[in-house]
Amino acid sequence: SAVISQKPSRDICQRGTSLTIQCQVDSQVTMMFWYRQQPGQSLTLIATANQGSEATYESGFVIDKFPISRPNLTFSTLTVSNMSPEDSSIYLCSVGGTGGYAEAFFGQGTRLTVV
Amino acid sequence: GENVEQHPSTLSVQEGDSAVIKCTYSDSASNYFPWYKQELGKRPQLIIDIRSNVGEKKDQRIAVTLNKTAKHFSLHITETQPEDSAVYFCAASSGYSTLTFGKGTMLLVSP
């Protein structure tokens with residue numbers, strides 16, 4: 001499976017500010033995704049990062065709050081904008097496998113605390 | 001859309017016992033069912049998956065079974081060890097679509 005590097009690994013941010021999380025993969029991948037995992041909870045898909053086009057957002061998530069870039073097949077960023085304490089969570093990028101199914105391999109995650 | 005239910009939410013076993021975690025799904029078009037293990041503070045790791053064309057798959061001490069008629073699948077861990085303690089997530093998807101995750105099961109294996 002691909003090696004996925006995500007940074008920062010953690011950050012503490014002031015409310016009202018924005019944080020950009022980076023995800024770098026060591027090989028070209030078609031599918032990249034961004035998930036949120038609130039403390040003690042399951043994984044919730046934020047959006048699918050599409051190379052060369054706008055990201056596809058899941059219900060409850062909007063581009064103004066979570067803008068995503070995907071400039072090439074190995075890199076993506078997620079920005080958490082105008083943060084509030086409710087945005088405190090772990091954010092994970094994931095990439096699809098090559099088996100033709102929706103396999104997902106995860107980066108190590110970014111633990112975000114908003115104060 | 002797909003809905004995945006996972007039970008139990010917590011499971012405590014003694015070392016050496018077996019553990020079973022069960023999931024049900026709602027979308028009959030789902031054909032891919034992975035299981036993830038997440039240790040505290042770490043990323044979810046894919047431990048085993050099953051496709052809809054098979055009913056059972058084994059990998060050493062872990063196995064997954066799938067009943068497409070009843071729309072449920074299960075994770076079986078035999079001879080549990082303390083290092084099996086973690087949160088386990090099931091998920092489901094159809095084709096290239098995104099994964100829908102269950103709420104997770106916290107497994108605690110006591111020595």
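No value in this document is a laboratory result; all are computed from the given coordinates. Predicted model, so just to flag it, every value in this text is computed and none were measured. Note: ideal-geometry Cβ built from the backbone for every residue, glycine included; neighbour counts use all protein chains shown.
For the cross-link pairs B:Lys22/B:Lys58; B:Lys37/B:Lys57; B:Lys42/B:Lys103; A:Lys7/B:Lys103; A:Lys65/B:Lys37, which exceed 19 Å when the distance is taken from alpha carbon to alpha carbon?
Going by Cα-Cα distance, A:Lys7/B:Lys103; A:Lys65/B:Lys37 fall outside the 19 Å limit.
For the stretch B:53-87 and the stretch B:8-47, write down the distance between their C-alpha centroids in whole Å.
Distance between centres, Cα-based: 8 Å.
Please compute the average number of Cβ atoms from other chains found within 10 Å of each residue's Cβ in peptide B:38-49.
Numbers: counts 5, 0, 0, 4, 3, 12, 10, 3, 6, 0, 0, 5.
Whole-number average of other-chain Cβ neighbours for B:38-49 is 4.
Rounded to two decimals, what ratio of Rg to Rh does chain A give with C-alpha atoms and a Kirkwood Rh?
For chain A, the value is 0.95.
Please give the direction-averaged projected area of the C-alpha convex hull for the protein assembly as shown, in square nanometres with one decimal. It would help to have the intermediate numbers written out before the result.
Details: hull surface 48.9 nm².
Orientation-averaged projected area of the Cα hull: 12.2 nm².
Can you list the trypsin sites (Lys or Arg not before Pro) in the stretch A:1-87 that are in a DSSP coil and have 10 or fewer other beta carbons within 10 angstrom?
Filter output for the stretch A:1-87: empty list.
Please go through the stretch B:25-108 and write out the chymotrypsin sites (Phe, Trp or Tyr not before Pro) that DSSP classes as loop and that have at most 13 other C-beta atoms within 10 Å.
Qualifying residues, ordered by number: B:Tyr96.
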